[in-house]
Amino acid sequence: MRLSRTLIAALGLCAATPALAADNPLSVHVLNIQSGQPSPGIEVQLEKRTESGWKSLATDSTAESGRISALYPDDQAFTPGIYRVTFETGDWFAEHDTQTFFPEIPVPFEVTDTSQHYHIPLLLSPYGYSTYRGS
């Protein structure tokens, strides 16, 4: 009986985590296309363009799954504008004893509809990358 309650509680927490992340308007995912594996531990910075330059909003690192499911700060309103996520790939490749041509990968994007979720996947290799608007 005790094990059943523990399993039910754990399942409830697991189910709640995606729901909480789903409320966040911005997520990223990094996949290493050389190995076909997620890229955990890549630092990602989020900024918003202002009249005086780029304003830092958040910094986080990708999880074991290569994802950050909730990058936008919970305490700030999500407003239209030009944003940029920068993937700090140079440090990550150095930690994996791999040379790279791209020490960082900045990805600017425009938010026009704040009711939508914005997902930015990055397909990464030491000498190339690709990104697109995911869902």
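Every read-out reported here was derived from the displayed coordinates using simple, explicitly stated rules and does not represent laboratory data. Only a predicted model underlies this, so the values are computations on that prediction, with no experimental measurement involved. Glycine gets a Cβ as well: all are built from the backbone with ideal geometry, and neighbour counts include every protein chain shown.
In this rough spin-label picture, where each label sits 7 Å from Cα along the Cβ direction, the Phe102-Asp74 distance is 3.1 nm.
Computed on segment 35-80, with alpha-carbon pairs under 8 angstrom and 6+ residues apart, the relative contact order is 36 percent.
What is the packing order of peptides 122-128, 94-100, 58-64, taking the mean over residues of other C-beta atoms within 10 Å and listing the highest first?
Highest-to-lowest ranking by the protection proxy: 122-128, 58-64, 94-100.
Along segment 79-87 the Karplus relation, 6.51 cos²θ - 1.76 cosθ + 1.60 evaluated at θ = phi - 60°, assigns HN-Hα couplings of 10, x, x, 9, 10, 8, 9, 10, 8 Hz to successive residues, with x for each Gly and Pro. Modelled this way, with points 7 Å down the Cα-to-C-beta line, the labels at Arg49 and Ser135 are 2.7 nm from one another.
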